[in-house]
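Where a number appears in this text, it was derived from the coordinates with a stated rule and is not lab data. Predicted model, so just to flag it, every value in this text is computed and none were measured. Cβ coordinates were reconstructed from backbone atoms using ideal geometry, including for glycine residues, and neighbour counts include every protein chain displayed.
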Amino acid sequence: MDKIKVAVLNPTAISEAEKMMVCAARLTQRGHTVKDLSDFLALYDKEYTEKTAKVMTQLPHPTIQKFAVINAVIVGASRRFLAQITRHQNEVKFMSASLQYSDYSNEADFVVPYELLDSQMRFSYLSQCQDAMRKYKLLVEYGVDNDSAGYLAPQGLRNVLIISATPYQWKHMISQRTCRRNTAETRYVMLRLWEELYELAPALFSPETTGPFCMKGKCLEGKMACGAPLTSDLTPHDILERDFPLCMEVRDEDYEDMYSGVFYDRYIRGLWTVAEGLIYTMFNKDYHVVPSVPRDYEEYLISCDYGTLNPTSAGLWGLCEGKWYRVREYYYDGRKERYQRTDEEHYTAIEELAGDLSIRKIIVDPSAASFIEVIRRHDRFMVEQASNRVLDGIRDVATRLNAGDIFFCDCCTDCIREFGLYRWDEKAAEDRPLKTDDHAMDDTRYFVRAAFQPSRFSF
């Protein structure tokens, strides 16, 4: 919702509308003085003050505010907003992007409801929208026309809308749709439009004559009143700052450091983009790889991805000054070595990895039941089954890489190698990494999910 933009397309029409309003009001009172065309043109061109214009707006004669048309565009509002605003039909014209002719297969973007902007459910909502557009794309690829496929499009799908109305009708729509009984998006859009109009013509679109009815001293909602009336001294900008503080911030920049690549496109921009190429594009050897030097680690964890035929990977992690470091690692590929180690042999390697350090816990692949049992039987380490929600884990690792929360000592060569190989499976029907060169990536994912509380942006 914070990406909705509005603009008045013909701002000169506003000054003309104000001039026509004053002229029309004067004509009703001085018509007897108009003997010929030159008399009327003199009346039309007669100067007036802002105070005069403001008085004219308060007259009980709406016709004098109907002698001009103001065109505005709204880019990024939802189709739900479209359904709401097009209920105003009297002297108002609309033109919208068409689901019949527009193909949103790879272009979908979504409005995030205001209530979800700062909520962990933001991403759950976007995920549902994206899933709907995946099905939309499948229908289009199958040969279904865009109009029919459009039945799958969520109400949150962003839209482009042109509205053409007289000043009187603009004020009527703003009065009704900035009331707090409306949906947040509808209020936000109309407040933005009012803000534009008020800046161009403060007398014509003053709070006393343009804002919600409560600002004029009378709520029309009766028993359904919100109970929080607005006062006539508030400008549209004041109301936006009061009721929509999250939209007054530059949110994309706030999250830019946390997400990149496909995650940024999907969870911040709200775009459905194909998962392809390297998964951790934000991993930078020059930044994330650090020398293997002594540090004052405060605590230690071990993460382990267990393999029988596939490699077994384990990382020793140390916490130092609020940052986690992969201090050293164990990586054993039975196929490459032509010898498959037993659970006991893997456990011995884990003990060597830990040395005499106090390990808070070992986070292990939950499918490694026999290995978990071996660890428990030795009674040295507390073991925790890892979270195996792959996409959530990948997103959380990406978040921590972007935030500068995790680093890798240069001795962890296998983990560093896999960062350069870990890719999306572009042939899969859904988001899924290739099951190659992923063992250190899996144990890193296990670690991040266990070491960090799920961020407020996770779902």
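Name the shape class, rounded, prolate or oblate, that the alpha-carbon gyration tensor gives for the stretch 91-174, where a ≥ b ≥ c are the square roots of its eigenvalues, rounded holds for a/c under 1.5, and otherwise prolate holds if a/b is larger than b/c and oblate otherwise. If you can, show how the numbers build up before the last one.
Values: a/c = 3.91, a/b = 1.34, b/c = 2.91.
Note, shape of the stretch 91-174 comes out oblate.
For helix 390-403, what angle does its Cα long axis make with the longest principal axis of the chain, in degrees from 0 to 90 and rounded to 10?
Its long axis makes an angle of about 80 degrees.
I need the trypsin sites (Lys or Arg not before Pro) found in the stretch 152-220, filtered to DSSP loop residues with at most 11 other beta carbons within 10 Å of theirs. Let's see the in-between values first.
Details: sites: 158, 171, 177, 180, 181, 187, 192, 216, 218; in loops: 180, 181, 218.
When the trypsin sites (Lys or Arg not before Pro) of the stretch 152-220 are filtered for loop state and at most 11 Cβ neighbours within 10 Å, 218 remain.
Ratio of the stretch 285-451's C-alpha Rg to 2.2 N^0.38 Å, to two decimals?
Details: Rg = 15.2 Å, N = 167, 2.2 N^0.38 = 15.4 Å.
Against the empirical 2.2 N^0.38 Å value, I get 0.99 for the stretch 285-451.
Evaluated at 10 °C with a viscosity of 1.306 mPa s, what Stokes-Einstein diffusion coefficient in µm²/s does the stretch 106-261 have when Rh comes from the Kirkwood expression over alpha-carbon pairs? If you can, show how the numbers build up before the last one.
Numbers: Rh = 18.1 Å.
Once the numbers are plugged in, D ends up at 88 µm²/s.
Using alpha carbons only, how many degrees (0 to 90, rounded to 10) separate the axis of helix 121-142 from the longest principal axis of the chain?
Between the helix axis and the principal axis of the chain, the angle is about 90 degrees.
Kindly state, to the nearest 0.05, the FRET efficiency for residue 278 paired with residue 89, given R0 = 56 Å and r defined as their beta-carbon distance. Kindly include the intermediate steps, with their values, before the conclusion.
Values: r = 52 Å, r/R0 = 0.93.
That gives a FRET efficiency of 0.60.
Report the extension gain between residue 339 and residue 228 in nm, rounded to one decimal, defined as 0.36 nm multiplied by the number of residues separating them, less their alpha carbon distance.
On the way: separation 111, 0.36 × 111 = 39.96 nm, distance 7.40 nm.
Net length gain for the segment: 32.6 nm.
Starting from the 7 Å offset along Cα-to-Cβ, what nm value, one decimal, do you get for the label separation of residue 388 and residue 237?
5.7
Simple spin-label model, 7 Å along Cα-to-Cβ: residue 7 to residue 361 in nm?
Using points 7 Å along Cα→Cβ, the separation is 5.4 nm.
Taking the alpha-carbon centroid of each part, what is the distance from the stretch 170-207 to the stretch 61-107 in angstrom?
15
Based on the alpha carbons, how large is the Rg to Rh ratio for the stretch 346-426 when Rh follows Kirkwood?
Numbers: Rg = 15.0 Å, Rh = 15.1 Å.
Looking at the stretch 346-426, the ratio lands at 1.00.
Please give the residues of the stretch 305-347, grouped as numeric ranges, whose backbone N is less than 14 Å from a label point set 7 Å along the Cα-to-Cβ vector of residue 427.
Within reach of a label on residue 427: no residues.
Tell me, what is the Rg over Rh of the stretch 23-142, with Rh the Kirkwood radius over Cα pairs? Mind dumping the intermediate values first?
Working: Rg = 24.6 Å, Rh = 19.8 Å.
Checking Rg against Rh, the ratio lands at 1.25.
Could you tell me which GluC sites (Glu not before Pro) in the stretch 352-426 are loop residues by DSSP with no more than 13 other beta carbons within 10 angstrom of their beta carbon? Let's see the in-between values first.
Values: sites: 352, 373, 384, 418, 426; in loops: 426.
When the GluC sites (Glu not before Pro) of the stretch 352-426 are filtered for loop state and at most 13 Cβ neighbours within 10 Å, 426 remain.
Going down the table (51/218; 361/427; 3/137; 93/223; 54/218; 285/435), which pairs top 30 Å between alpha carbons?
In this structure, 361/427; 93/223 lie more than 30 Å apart at Cα.
Just subtract the alpha-carbon distance of residue 292 and residue 27 from 0.36 nm times their residue separation and send over the number in nm, one decimal.
On the way: separation 265, 0.36 × 265 = 95.40 nm, distance 8.67 nm.
Residue separation times 0.36 nm, minus the Cα-Cα distance, leaves 86.7 nm.
For a Förster distance of 30 Å, can you work out the FRET efficiency between the beta-carbons of residue 41 and residue 216, rounded to the nearest 0.05?
Numbers: r = 35 Å, r/R0 = 1.18.
Computed FRET efficiency for residue 41 and residue 216: 0.25.
Return a whole-number percent for the relative contact order of the chain, with Cα pairs under 8 Å and 6 or more residues apart as the contact set. Before the final figure, lay out the partial values.
On the way: 745 pairs, mean separation 69.1, N = 459.
Normalised by residue count, the contact order of the chain is 15 percent.
Based on a Kirkwood Rh over C-alpha pairs, give the Stokes-Einstein translational diffusion coefficient of the chain at 25 °C and viscosity 0.890 mPa s in µm²/s. Provide the component values of the computation, followed by the final result.
Working: Rh = 26.7 Å.
Taking Rh from Cα pairs, D becomes 92 µm²/s.
Pop the C-beta distance of residue 434 and residue 380 into the FRET formula with R0 = 45 Å and round what comes out to the nearest 0.05. Let's see the in-between values first.
Details: r = 35 Å, r/R0 = 0.78.
Computed FRET efficiency for residue 434 and residue 380 comes out at 0.80.
Can you tell me the relative contact order of the stretch 285-451? Whole percent, Cα pairs under 8 Å, sequence separation 6 or more. Let's see the in-between values first.
Numbers: 292 pairs, mean separation 48.7, N = 167.
The value is 29 percent.
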